[in-house]
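The values are calculated or read from the model by the stated rules, or taken from the named source; none is laboratory data. Just so we're clear, the structure is a prediction, and the values are computed from it rather than from any experiment. Cβ placement follows ideal geometry from the backbone for every residue including glycine, while neighbour counts extend to all protein chains displayed.
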Amino acid sequence: MEEIKIWGARIHNLKNINLTIPKRGLVAITGISGSGKSSLAFDILFEEGKNQYLRSIGILAGLDNEDRFNTMEGIGPTVAVRQNTIRLSNPRSTVGTKTGILNQLALIYASDGKALDENSEHLSPGFFLYTTADGMCLSCQGRGFYYDINLKQLIPDKTTSLLEVYKSLQVTDGFLRILKKKYGMYFETPFWELPEDIKGQVVYGTYDNGKQSYCLERILRNAYEKGEDVEEVYEEKICTACQGRGSAKKRKKYSLAES
């Protein structure tokens, strides 16, 4: 069936409501406070989908349907992400992590999978979890994306010199003297006309003994840590190392064993 049909929904503030919900799409349940949105979503749709699934595998669960509705058609197994958990700010959070399904899938892959490389170690669930160090893409820390400086937004004028860029970011005289020793010959050069290697150093700096030199990225990061609004000069980019999956490439070394 392409629809879920409910007759006589009656629990809490729902009073014998009949409705049809289309499948294969994003459906929002809206209404004023106390209109029964959560009752419909959690107490009827989620509970009935869960109960039917558990009964199908021989587990008796849930209360009698007569307490909640007359009849329902088209419902399948359901997953719920409770309202009190969606406010967490972890960028790696998904429906899979919120509901625990991701961990269960990792256990299945670890127990039923096989290594395509015979010399590989024993499969561990962590290899299949982008939330762990073993399974995540280290380039994006499992997020699948990263934020980079939008240079066109930061420096829209093609004639803006390197010195003007520094001054627009309120670089102090002390740091300007340091930068002049390194890039002084380019101070009057428009930023967009800088040699590519110099431009890269100006934006991302160089590293000596693990320490980043003074650069635009460091200037903006310091400004952000001070509470300044610099978000508009950043853009979200898909991680090229994992193509947005958030997982390590080594996962390709494994597959599910044939049943």
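Restricting attention to the stretch 161-172, does a residue exist that is over 21 Å from ASN222 (Cα atoms) and assigned by TED's automatic domain parsing to the domain that holds ARG218?
Among the residues of the stretch 161-172, at least one is over 21 Å from ASN222 (Cα atoms) and assigned by TED's automatic domain parsing to the domain that holds ARG218, which makes the answer yes.
Within the stretch 40-60, identify whether any single residue is among the small types (Gly, Ala, Ser), touching a Leu at 6+ places or on another chain (Cβ under 6 Å) and at pLDDT below 90, and answer yes or no.
No.
Please name all residue pairs, on different chains or six or more residues apart, with Cβ atoms under 6 Å, provided the first residue is in the stretch 119-145 and is free of Cβ contacts under 8 Å to residues at least 24 places away in the same chain and of a type in the set (Gly, Ala, Ser) and the second residue is in a loop (DSSP other than H, G, I, E, B) and surrounded by fewer than 20 Cβ atoms within 10 Å (Cβ to Cβ).
Every condition considered, the pairs that remain are GLY126/THR132; GLY126/ASP134.
LYS199: over 20 Å from ASN222 (Cβ atoms) and assigned by TED's automatic domain parsing to the domain that holds ALA223, yes or no?
So LYS199 passes the test.
I need the full set of residues from the stretch 68-91 which are modelled with pLDDT under 65 and among the aliphatic types (A, V, I, L, M), in order please.
ILE86, LEU88
In the stretch 92-138, how many are modelled with pLDDT of 80 or more, touching a strand residue (DSSP E or B) at 6+ places or on another chain (Cβ under 7 Å) and either more than 30 Å from LYS237 (Cα to Cα) or exposed (fewer than 13 other Cβ atoms within 10 Å of the Cβ) (or both)?
0
Between a residue in the stretch 25-38 that is in a helix (DSSP H, G or I) and any residue that is at pLDDT 85 or above, which pairs come within a Cβ distance under 6 Å, given they are 6 or more apart or on different chains?
Correct list of pairs: LYS37/ILE29; LYS37/GLY31.
Determine which member of the set GLY205, GLY227 is surrounded by 11 or more Cβ atoms within 10 Å (Cβ to Cβ) and more than 30 Å from ASN103 (Cα to Cα).
From the options GLY205, GLY227, the qualifying one is GLY205.
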